[in-house]
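The structure is given below, and queries will be raised subsequently.
The values are calculated or read from the model by the stated rules, or taken from the named source; none is laboratory data. Keep in mind it's a predicted model, so treat the numbers as computed, not measured. Note that each Cβ is placed from the backbone with ideal geometry, even for glycine, and that neighbours are counted across all protein chains shown. These accessible areas exclude ligands, DNA and RNA; they are computed on the full protein's heavy atoms, side chains included. Shrake-Rupley method; radii C 1.70, N 1.55, O 1.52, S 1.80 Å.
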Amino acid sequence: EKGNYRHFMLKEIHEQPIVVAQTLKSYLRPLEEQVALPDMEFDLSGVTRVSIVACGTSSYVGMVGKYWIEQFARVPVEVDVASEYRYRDPVLEEGQLALFISQSGETADTLAAMRHCKEAGITTAGIINVPTSTMAREADLLMPTHAGPEIGVASTKAFTCQLAVMAAFATNLARAKGRLPADEEREIVRHLQEVPECMNAALEREDVIEKVAAFVAKARDVLYLGRGPDYPMALEGALKLKEISYIHAEGYASGEMKHGPIALIDETVPLIVLAPSGPLFEKTVSNMQEAQARGAQVVLISDDTGIDEAGNDVIEYVRMPKVHPLIAPLVYAIPVQLLAYHVAVAKGTDVDQPRNLAKSVTVE
Ligand code: F6R
């Protein structure tokens with residue numbers, strides 16, 4: 001039921017602090033100040049390579065996971081969309097863990113890729129939302145998300161719950177590989193516990209986002225920029241906007257803009273910049289200024305520090321709570337989802353049932 005919400009998508013966006021807390025609850029051991037995974041029949045310390053395979057929004061969780069796993073566990077990660085992975089004759093080798101991410105657990109390409117790996121004797125793991133799904137049954141290690149049923153076709157709460165599980169997985173792998181001192185793990189647990197509260201703070205920015213949406217709704221094209229783990233969030237922002245508002249949008253790594261897309265920039269193209277303050281902030285700001293010099297209308301999504309430093313010439317800023325870089329993707333998901341939602345509402349599209357899309361893509 002939609003309750004007091006106009007659409008399932010809006011309800012599901014607002015449910016995120018609760019369902020992410022629920023998901024984290026099954027992966028955090030607050031007393032031990034540790035992160036835990038479900039029991040498994042293989043030894044994580046033997047994993048020498050991780051292949052992450054998924055489609056669409058779920059594949060962006062994989063891209064964020066690559067940053068986290070490589071940073072914390074120092075294990076190399078490859079990320080593929082399932083339709084490419086299954087047909088590209090990937091190298092499969094001992095020590096490899098193949099990790100599949102899917103809300104439905106039924107996506108045809110992702111399932112086929114999982115079966116391909118299993119047949120080759122590769123250990124498989126799944127971050128899956130629907131507990132009764134085929135992938136949930138077939139994965140060697142099931143890491144469930146506890147987002148509950150997701151009705152809106154555009155994935156929102158399943159996505160952030162997948163990110164929460166990915167953070168737990170990366171942390172566990174790092175410990176298993178002897179790369180995570182107890183005090184660092186304690187810090188990670190603490191930051192993950194802050195996520196629901198930070199998500200609530202982000203949800204409180206909905207009024208500003210509605211203002212931004214009125215402006216974005218007039219555009220024909222929109223660009224999203226982000227760096228590091230916020231680069232996949234730029235991709236996610238662009239995908240959400242495309243699928244429910246039918247406005248053309250692209251996500252880019254901030255540093256890539258000058259390698260082509262800057263040619264598109266003029267005063268009619270809103271530029272949404274996802275930039276929590278941190279070590280890479282200056283670099284993103286200089287990319288943003290290059291675009292502003294060419295007339296770009298920038299919407300800056302950042303925190304107090306970032307807005308103080310770079311919020312002057314933007315047409316609007318969206319103030320996020322200051323968060324640890326690890327949890328930024330979970331929190332910055334909220335404004336990109338809300339923006340897509342409010343642009344779609346402003347355009348009068350069918351938010352919960354966008355044209356041509358199906359909730360579960362069971363044919364390739
Ligand atoms: C976008 C969206 C899709 C799905 C994709 C994979 O909002 O929902 O891109 O993420 O079809 O679906 P699952 O996660 O069910 O495998």
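Across the stretch 201-238, what is the number of residues that are in contact with a Phe, Trp or Tyr (Cβ under 9 Å, 6 or more places away or on another chain) and either of a type outside the set (Asp, Glu) or not in a helix (DSSP H, G or I) (or both)?
Qualifying residue count, the stretch 201-238: 18.
I need every pair where a residue in the stretch 208-222 that is modelled with pLDDT of 95 or more has its Cβ under 9 Å from the Cβ of a residue that is among the acidic types (Asp, Glu), sequence separation at least 6 or different chains.
Hits for this filter: Val208/Glu316; Lys211/Glu316; Val212/Glu316; Phe215/Glu316; Asp221/Glu250; Val222/Glu250.
Looking at (1) assigned to a helix (DSSP H, G or I); (2) more than 16 Å from the ligand (Cβ to nearest atom); (3) open to solvent by 30 Å² or more (accessible area, probe 1.4 Å), which is the only condition Leu31 fails?
(1)
Then there's this: What pairs can you find where one residue is in the stretch 302-320 and within 13 Å of Ile209 (Cβ to Cβ) and open to solvent by less than 80 Å² (accessible area, probe 1.4 Å), the other is part of a loop (DSSP other than H, G, I, E, B) and of a type outside the set (A, V, I, L, M), and their Cβ atoms are less than 8 Å apart, with a gap of 6+ or different chains?
Val318/Arg205; Arg319/Arg205; Arg319/Asp303; Met320/Arg205; Met320/Pro276; Met320/Asp303
May I pose another question? Here is a list of conditions, (1) closer than 26 Å to Arg49 by Cβ; (2) open to solvent by 60 Å² or more (accessible area, probe 1.4 Å), and Glu204 meets all of them except one; can you say which number that is?
(1)
Continuing with the same structure: Sort out which residues of the stretch 140-151 are surrounded by fewer than 24 Cβ atoms within 10 Å (Cβ to Cβ) and either under 17 Å from the mean Cα position of the chain (by Cα) or within 14 Å of the ligand (Cβ to nearest atom) (or both), and write them in order of number.
Within the stretch 140-151, the subset surrounded by fewer than 24 Cβ atoms within 10 Å (Cβ to Cβ) is 140-142, 144, 146, 148-149, 151.
Pro144, His146, Pro149, Ile151, listed by residue number.
Please name all residue pairs, on different chains or six or more residues apart, with Cβ atoms under 6 Å, provided the first residue is in the stretch 325-354 and is crowded, with 24+ Cβ neighbours inside 10 Å and the second residue is at pLDDT below 95 and not in a helix (DSSP H, G or I).
Sorted first by the residue in the stretch 325-354, then by its partner, the pairs are Ala344/Val351.
Could you grab me the full set of residues in the stretch 152-181 that are at pLDDT below 95 and open to solvent by 10 Å² or more (accessible area, probe 1.4 Å)?
Val153
For Gly152, work out the one condition from (1) over 30 Å from Asp39 (Cβ atoms); (2) in contact with a Ser or Thr (Cβ under 9 Å, 6 or more places away or on another chain) it doesn't fulfil.
The single condition Gly152 does not satisfy is (2).
Just checking, does the stretch 139-159 include any residue being touching a residue at least 60 places away in the same chain (Cβ under 8 Å), touching a Gly at 6+ places or on another chain (Cβ under 8 Å) and under 21 Å from Lys240 (Cβ atoms)?
Checking the stretch 139-159: at least one residue is touching a residue at least 60 places away in the same chain (Cβ under 8 Å), touching a Gly at 6+ places or on another chain (Cβ under 8 Å) and under 21 Å from Lys240 (Cβ atoms).
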